[in-house]
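Heads up: the structure comes next, in structure tokens.
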Amino acid sequence: MSHATTDPFYICGPTASGKSAMALEIAAQLAGEIVNADAFQLYQGLEIVSAAPSPEERAQAPHHLYGVLDPSVAADAGSYLRLVRPVMEAIQARGKTPVVTGGSGLYLKFLTHGPAPLPTGDATLRAELDAIPLEELVARLRALDPVEAERTALQNRRFVSRALEICLLSGQKASDLRDRWQSQTAQLATQLRGCIIQRTRPDLHARIANRTRAMLDGGAIAEVAALTNASANCEKAIGVREIRALLAGEIARATCENLINAATRQYAKRQESWFRREHWLQPVPR
RNA sequence: GGGUAGAUGCCCGAGUGGCUAAAGGGGGCAGACUGUAAAUCUGCUAGCGAAAGCUUACGUUGGUUCGAAUCCAUCUCUACCCA
């Protein structure tokens, strides 16, 4: 399989696996420019807590889409797509290779496989659905789209709610819309190139612990304290919620550190599960 | 030295004679997941076994009992109180 020189190269892997460093290596090899594919590194004012590349790293190659969103803005995979595509096109137009680096599986999937033709989430409708008991949401979904209800994890309120949202907003069955999209994306992966960084669990866990310590020692607490206008979404970022509790005096610093470590380990595990299914990614043991 | 409370699985913790391989939570492991995704959700978690089942487990040692994490005694350790 041959690639045009400017075809994007994807660097994936769990958090703290060393994606940023690898991106610099690949960017140097491919005459590339680094593009963020991390949901939280997108935000301004979350650089430390989201482990965005340091100013030193950024000085070594062009970096795009780091710290570009105000924390009050609620992003999603679709809005990310609208943000990245022009950036990548501009890089390619310059004859350079986009080196897309990040750990947000869903965002990357949108980028590599495109968005399904589904309606964008609607805040007002979501607020309404949030007020309804899960059992009733399930009943409504079963009535509107029994096929989708059958496929959905019905204990997962978010999934039920979104399926219902799709039906209500589109006036069509979520299952039909999804089927149509599914059948169109089957071949896309064969044209992609990228790698996934693999590390042993003990190694990864040690790296996470070191990074958390460095974050807390390196300004993360002040960063979160200064974060006054964050969207509900940003408040849920790992590190932010724990440091909020620390600032409120609810937990001790050591507890805060332990909680961040545990949440990060669990997140890393979920990322590994996600990327394991992306067979086109070439494993790179480190 | 005296008194009181306590010691449970990787951790915290419930259990006070059989329904207990031991609730619940955490952690860990595995998984799902196309517009909240660093989110949300699911399963498993003493050992061996496909299973039936067997073995080892509630600080120590001994005892009571058909049967003990649960009752009694002993010792060890921990916390607090009195000297």
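Laboratory data are not the source of any read-out in this text; all were calculated from the coordinates shown. Just so it is clear, the model here is predicted, and its values are computed rather than measured. For neighbour counting, all protein chains shown are included, and Cβ atoms are generated from backbone atoms with ideal geometry for every residue, glycine included.
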Original post:
Fewest to most neighbouring Cβ within 10 Å: what's the order for A:Ile221, A:Ile197?
Top reply: A:Ile221, A:Ile197
Subject >> Cut-off under 5 Å, modelled amide H: who pairs with A:Thr97 long-range >> reply: A:Gly32, A:Glu33
Subject >> Using θ = phi - 60° and Karplus 6.51 cos²θ - 1.76 cosθ + 1.60, couplings along the range A:77-93 (whole Hz; Gly, Pro as x) >> reply: 4, x, 5, 4, 4, 5, 7, 6, 3, x, 5, 5, 4, 5, 4, 5, 5
Subject >> chain A - charge dipole about Cα centre, Lys and Arg +1 at Cβ, Asp and Glu -1, debye rounded to 20 >> reply: 680 debye
Original post:
Long-range amide H contacts for A:Ala39: which residues qualify at under 5 Å (H placed 1.01 Å from N, peptide plane, sequence gap of 5 or more or a different chain)?
Top reply: A:Gly103, A:Ser104
**OP:** Kindly provide the trypsin sites (Lys or Arg not before Pro) of the range A:204-268 that DSSP labels as loop, not H, G, I, E or B, and whose Cβ sees at most 15 other Cβ atoms within 10 Å.
**Re:** A:Lys236
Original post:
Quick one: Karplus J couplings for the range A:195-206, per residue in order, coefficients 6.51, -1.76, 1.60, θ = phi - 60°, nearest Hz, x for Gly and Pro?
Top reply: 9, 10, 7, 10, 9, 5, 4, x, 5, 4, 5, 5
Subject >> Hydrodynamic radius of the range A:72-159 per Kirkwood, over alpha carbon pairs, in Å >> reply: 15.9 Å
Original post:
Hey, what's the Cα Rg ratio for the range A:1-129 versus the globular rule of thumb, 2.2 N^0.38 Å?
Top reply: 1.09
Subject >> Radius 15 Å from Cβ of A:Ala230, net charge of other residues (Lys, Arg +1; Asp, Glu -1) >> reply: -2
Original post:
Averaged over all directions, how much area does the convex hull of the C-alpha atoms of the range A:234-275 cover when projected, in nm²?
Top reply: 2.9 nm²
Subject >> Inverse mean reciprocal Cα-Cα distance (Kirkwood Rh) of the range A:159-203, Å >> reply: 13.8 Å
Original post:
Counting only Cα, what are the radius of gyration and maximum Cα-Cα distance Dmax of the range A:215-286, in Å?
Top reply: 15.4, 46
**OP:** Output the Kirkwood hydrodynamic radius of chain A, Cα pairs only, in Å rounded to one decimal.
**Re:** 20.5 Å
**OP:** Compute the relative contact order of the range A:95-182 as a whole-number percentage, counting only Cα pairs closer than 8 Å that sit 6 or more residues apart in sequence.
**Re:** 31 percent
Original post:
Given 0.36 nm per residue, what is the gain on full extension from A:Arg94 to A:Ala74 after removing their alpha carbon distance, in nm?
Top reply: 4.1 nm
Original post:
When we measure straight from the Cα of A:Lys236, which lysines land under 23 angstrom away, once same-chain ones fewer than 8 places off are left out?
Top reply: A:Lys19, A:Lys109, A:Lys269
Original post:
Based on the Kirkwood radius over alpha-carbon pairs, what is the Stokes-Einstein translational diffusion coefficient of the range A:144-284 at 20 °C with 1.002 mPa s viscosity, in µm²/s?
Top reply: 114 µm²/s
Original post:
Ordered by residue, what ³J(HN,Hα) values in Hz, to whole numbers, does the range A:250-255 give under the Karplus form 6.51 cos²θ - 1.76 cosθ + 1.60, where θ = phi - 60° and Gly and Pro are x?
Top reply: 7, 9, 7, 4, 5, 5
Original post:
In deg cm²/dmol and to the nearest 500, what is the mean residue ellipticity at 222 nm of chain A if only DSSP H runs of at least 4 residues count, each as -39500 (n - 2.57), divided by the residue total?
Top reply: -16000 deg cm²/dmol
**OP:** Take every Cα pair under 8 Å in chain A that's 6+ residues apart, average their separations, divide by the length, and report that relative contact order as a whole percent.
**Re:** 27 percent
